[in-house]
1. Residue by residue through the range B:124-140, note down the ones that are not aliphatic (A, V, I, L, M) and not in a loop (DSSP other than H, G, I, E, B).
2. How many residues does the range B:14-67 contain that are surrounded by fewer than 20 Cβ atoms within 10 Å (Cβ to Cβ), among the small types (Gly, Ala, Ser) and assigned to a strand (DSSP E or B)?
3. Within the range A:97-118, is even one residue within 17 Å of A:Gln10 (Cβ to Cβ) and touching a residue at least 40 places away in the same chain (Cβ under 8 Å)?
4. For the range B:68-97, name all the residues that are surrounded by 19 or more Cβ atoms within 10 Å (Cβ to Cβ), of a type in the set (A, V, I, L, M) and assigned to a strand (DSSP E or B).
5. What about B:Asn24, is it farther than 21 Å from B:Thr166 by Cβ and under 18 Å from the mean Cα position of the chain (by Cα)?
6. If you take the residues in the range B:199-237 that are under 21 Å from B:Gly42 (Cα atoms) and among the acidic types (Asp, Glu), which one is surrounded by the fewest Cβ atoms within 10 Å (Cβ to Cβ)?
7. Which ones in the range B:4-36 are in contact with a His (Cβ under 7 Å, 6 or more places away or on another chain) and either basic (Lys, Arg) or within 14 Å of B:Gly66 (Cβ to Cβ) (or both)?
8. Looking only at the range B:100-145, which residues are of a type in the set (Gly, Ala, Ser), within 14 Å of another protein chain (Cβ to nearest Cβ) and surrounded by fewer than 20 Cβ atoms within 10 Å (Cβ to Cβ)?
Amino acid sequence: MHLHFLDPYQERRSPIHAADARIKLVLALAFILTCALAPAGAWPAYILLGVLILVVEMFSELGVGWVLKRSALVLPFVLAALPVIFTLPGEPLFRFSIGSWVLQASQPGLERFASIVLKSWLSVQAAIVLASSTPFPGLLAAMRAIGLPRLLVAVFGLMWRYLFVLVDEALRLMRARSARSGYDQPGRRTGGSLAWRASVTGGMAGNLFLRAIERADRIYMAMLSRGYDGEVRSMPMPALRRTHWLVVGFGIALLAFILLLANLFKG
Amino acid sequence: MSHHSIEINDLSYAYPDGHTALRNVSLNLAPCEKAALVGPNGAGKSTLILHLNGILAGQGQVKVAGLMVGKDTLGQVRARVGVVFQSPDDQLFSPTVFDDVAFGPLYQGLPPDEVRRRVDEALAAVRMAEYAGRVSHHLSTGEKKRIAIATVLSMRPEVLVLDEPTAGLDPRARRTLINLLAELPITMLVSTHDMLMVREIFPRMVIMDEGRIVADGATKELMEDAALLEAHGLEKL
């Protein structure tokens with residue numbers, strides 16, 4: 001039995017899915033970079049970026065709702081930006097106190113916080129569309145093609161490959177545990193103490209860790225015996241056609257234009 | 001006992017990805033009967049085994065030791081059916097052999113003396129009494145297999161279910177295991193590819209293929225049916 005829920009890739013027949021992985025990777029990175037560089041409070045630019053990613057989502061046939069639901073993932077992380085509201089100096093909005101602590105929210109602080117939330121939300125959407133419309137091996141090939149260090153890409157690839165193996169292994173362990181988690185006589189307290197259950201779980205985690213190390217050793221030996229010398233080689237990808245370059249050029253120009261607008265019309 | 005040890009009635013199961021693994025399987029095992037489950041890889045043997053203690057739940061009826069396998073009986077069912085998985089590494093998840101064998105009884109909430117007695121008894125049954133303090137991680141495959149069997153024997157199950165117990169064992173470990181299985185006086189359903197072992201210790205043989213039971217009868221007779229064995233990827237000895 002195998003797990004597929006970890007794999008974000010969603011099979012569809014859309015122009016976004018069909019597009020070359022290198023183009024998608026470059027444009028997604030450029031989009032995220034644009035979001036990151038756009039100054040705080042550049043609302044018109046955020047709207048343009050939002051429309052842009054929305055159009056891509058519609059073309060990708062992933063379903064806008066589906067992407068938005070996944071993008072909720074970003075919410076817990078934006079909490080880290082919460083202090084900004086109270087630490088930036090500026091026109092005070094409201095204040096409240098926790099014990100002897102007085103917190104004062106400022107207008108620029110709130111603006112900065114809203115900008116950070118919007119920007120990370122937009123960036124995450126781009127990453128979701130990229131990962132859901134490109135099979136992971138294609139993404140790896142694209143990373144190599146655009147010049148990411150080969151060793152790093154190889155580590156990503158191995159991690160991806162064995163993450164599933166490890167999850168399967170963990171599931172089999174848990175299945176074996178539940179197969180023996182029975183009770184016969186009614187009225188007897190079952191399940192043991194919390195500390196005991198924790199120690200069993202700890203044993204399982206340790207087991208999994210040991211096995212991961214041993215497996216890594218075996219994999220390395222298998223790689224060595226097939227001639228691995230520390231250098232990762234791969235098949236060359238087909239050359240990009242002229243239309244590909246045009247799409248990349250147009251995309252980057254558009255993003256640069258939005259960035260320019262953002263700097264002209266901020267706050 | 002008036003009930004069958006294993007009663008499966010018209011059981012069908014499809015994995016979440018749509019692949020059908022069991023089709024209308026029916027099977028009865030009398031108390032203390034020993035039956036072998038044979039068939040090619042992917043025939044549905046392991047899937048069937050996972051139904052016997054409610055880890056998978058398909059359509060149809062599964063009764064074990066007189067208990068209907070269902071959500072509310074899971075605890076009792078798992079105490080009465082000992083499933084030994086194919087890979088002993090999955091079965092042995094505790095730091096020491098003792099902890100692993102004690103897991104079932106401890107989970108059942110038995111008092112410490114009783115737990116110790118159960119562990120001694122189970123380890124003695126698989127001839128591994130002196131291994132209690134060892135780290136299971138460093139044992140040989142044959143030793144791990146026997147410990148894995150001890151981990152369920154300590155629950156004193158009524159039914160023992162094993163998935164390919166002799167796979168990957170050297171001849172001596174295999175011989176020890178076969179002798180052990182032959183002498184354990186409980187109901188046994190064993191999925192295997194080891195036809196020699198089937199002929200030696202299992203009077204009854206159930207052949208599965210493509211999720212169905214295609215033959216169920218006396219091992220002696222089925223073993224003579226070269227055409228049947230050939231049709232389901234098995235070899236006549």
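The values are calculated or read from the model by the stated rules, or taken from the named source; none is laboratory data. Keep in mind that this is a model prediction, so the values were computed, not measured. Counting neighbours? That spans all protein chains shown, and the Cβs are built from the backbone with ideal geometry, glycine included.
1. B:Glu130, B:Tyr131, B:Ser136, B:His137, B:His138
2. Count: 3.
3. Checked the range A:97-118: no residue is within 17 Å of A:Gln10 (Cβ to Cβ) and touching a residue at least 40 places away in the same chain (Cβ under 8 Å).
4. If the condition is that a residue be surrounded by 19 or more Cβ atoms within 10 Å (Cβ to Cβ), of a type in the set (A, V, I, L, M) and assigned to a strand (DSSP E or B), then B:Val81, B:Val83, B:Val84 are the ones that fit.
5. It is false that B:Asn24 is farther than 21 Å from B:Thr166 by Cβ and under 18 Å from the mean Cα position of the chain (by Cα).
6. B:Glu235
7. Of everything in the range B:4-36, those that are in contact with a His (Cβ under 7 Å, 6 or more places away or on another chain) and either basic (Lys, Arg) or within 14 Å of B:Gly66 (Cβ to Cβ) (or both) turn out to be B:Asn28, B:Leu29, B:Ala30.
8. Once the filter is applied, which keeps residues that are of a type in the set (Gly, Ala, Ser), within 14 Å of another protein chain (Cβ to nearest Cβ) and surrounded by fewer than 20 Cβ atoms within 10 Å (Cβ to Cβ), the range B:100-145 yields only B:Gly109.
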